[in-house]
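Scroll down for the structure; my scribbles are underneath it.
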Amino acid sequence: MKKILVTRKPPKYLLEHLKEEFEVEVWNSEEQKIPQEVLFQYIDQVDGILCLLTDQITKELIDKGKKLKVISNLAVGYNNIDLDAATSNGIIVTNTPGVLTETTADLTFALLLATARRLIEASNELRMGNWKTWAPMMLAGRDVHGSTLGIIGLGDIGAAVARRAKGFGMKVIYHNRTPKPELEKEIDINYSSQEFLLRNSDFVCILTPLTAETQNLISLDELKMMKETAVLINTSRGGIVNENDLVTALSTGMIWGAGLDVYEEEPLPTDHPLLSLRNVTTLPHIGSASVQTRLKMWDLAALNLTYALQGKEPPSAVNEIGDK
Ligand code: DGY
């Protein structure tokens, strides 16, 4: 029987299912991540690993996985895995695209609305007893309808956000490595350069994956290009936006606000300067967190791992492994 490691407590039905096929080691906690030294302890014993975006699957770890055939990530993003090291060791890497597209787009749009209309701040003011009277400009935010949304990264989630934005009467422009003329026609959106997008959008939404090319894609120069009334939304990965520069932009009025679900360091330290700013709406990386979607992600991650170990093509591999 092949042996696998699951790095977080899976749903009971899924664990039982996996146990019919494999010898299963589980890090049996929902809230605590598996320590790196425990990963190192198991990696040379297992044929497959079903891991989370919180696990750092480094070259050192991969090189130690002598039997390892598959790394199945429970996320669409896989920047936590050294893909080159995996590929050169002949290890299949898989992710969970598709099943989380609409849920993540819902959250992205919810965060955009919440930031624009200051929902969390307003609710907190009420709870703290600060609602003394109705006032004309009390907690006044920014209009979403009729404004321009700039999407950086038009993958499946970007397109799903664009569709929502059109329903809210927004004009949508996007920037992507490859223009997508068919989607432009279908959704009624326009391609633009990144600079044009930054200069002309009321809301800039980051939906590109974190790679060596997109690290710090939005730094001080880019933030300076944005309108003073603009809002930045990031539900992709933290390292794409330079956080020090973002704090500068938000605290000096360079931009109006930001809605963030992801950070350079997660969990975000409670003394982080972002948390002292009123014009930031902060969420703890919950983009795909609906019960239905998280279960679908577990199922797809398990299927990817099972297929790879059965010698079949997994539904969503991110690398190509030649014959070894
Ligand atoms: C992903 O799948 O990459 C998301 O960040 C998880 O919510």
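The values are calculated or read from the model by the stated rules, or taken from the named source; none is laboratory data. None of the values given here were measured: they were computed from a predicted structure. Positions of Cβ are backbone-derived with ideal geometry, glycine not excepted, and every protein chain shown enters the neighbour counts. Each accessible area value is taken on the protein alone, full model and side chains, heavy atoms only, with ligands, DNA and RNA left out. Shrake-Rupley method; radii C 1.70, N 1.55, O 1.52, S 1.80 Å.
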* Label points 7 Å out from Cα along the Cβ direction at I120 and E21: separation in nm? -> 3.8 nm
* Which whole-percent values make up P(r) of the range 101-282 when all C-alpha to C-alpha distances are grouped in 5 Å steps starting at zero? -> 1, 8, 17, 22, 21, 15, 8, 4, 2, 1, 0
* To do: Could you rank F203, F196 by how accessible they are, 1.4 Å probe, largest area first?
  => F196, F203
* **Gap separating the Cα centres of the range 254-291 and the range 296-319, nearest whole Å** => 32 Å
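At R0 = 56 Å, how high is the FRET efficiency between Q41 and A135 if r is their beta carbon distance? Nearest 0.05 is fine.
Working: r = 60 Å, r/R0 = 1.07.
Efficiency, from the Cβ-Cβ distance: 0.40.
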* Using θ = phi - 60° and Karplus 6.51 cos²θ - 1.76 cosθ + 1.60, couplings along the range 262-271 (whole Hz; Gly, Pro as x) -> 9, 9, 4, 10, 10, x, 5, x, 5, 9
* Asked: If you project the alpha carbons of the chain onto their three principal axes, what span does each projection cover, largest first, in Å?
  -> 69, 48, 32
* Asked: Roughly speaking, what is the centre-to-centre gap between the range 104-148 and the range 197-224 when only Cα atoms are used, to the nearest Å?
  -> 23 Å
* **Additional length obtainable on full extension of the chain from D221 to S193, 0.36 nm per residue less Cα span** => 8.6 nm
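How many percent of the accessible area of the chain is carbon or sulfur, using a 1.4 Å probe?
Working: 8280 of 16130 Å².
The computed percentage sits at 51.
Full-extension gain between F168 and E60, please, as 0.36 nm times their residue separation minus the C-alpha to C-alpha distance.
Numbers: separation 108, 0.36 × 108 = 38.88 nm, distance 4.77 nm.
Working it through step by step, the gained length comes to 34.1 nm.
Which percent, nearest 5, of DSSP beta bridges in the chain are antiparallel? Working shown, then result.
Values: 1 of 39 bridges.
Just about 5 percent of them are antiparallel.
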* Coarse-grained scattering of the range 249-324 at q = 0.20, 0.22, 0.26, 0.28 Å⁻¹, given as base-10 log I(q)/I(0) from a Debye sum over alpha-carbon atoms -> -0.90, -0.99, -1.18, -1.25
* To do: Please report how far the C-alpha centroid of the range 1-41 lies from that of the range 45-62, rounded to the nearest whole angstrom.
  => 12 Å
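Pulled fully out, how much extra length does the chain show between E320 and V291, if you take 0.36 nm times their separation in residues and subtract their Cα-Cα distance?
On the way: separation 29, 0.36 × 29 = 10.44 nm, distance 3.13 nm.
Once the chain is fully extended between E320 and V291, it gains 7.3 nm.
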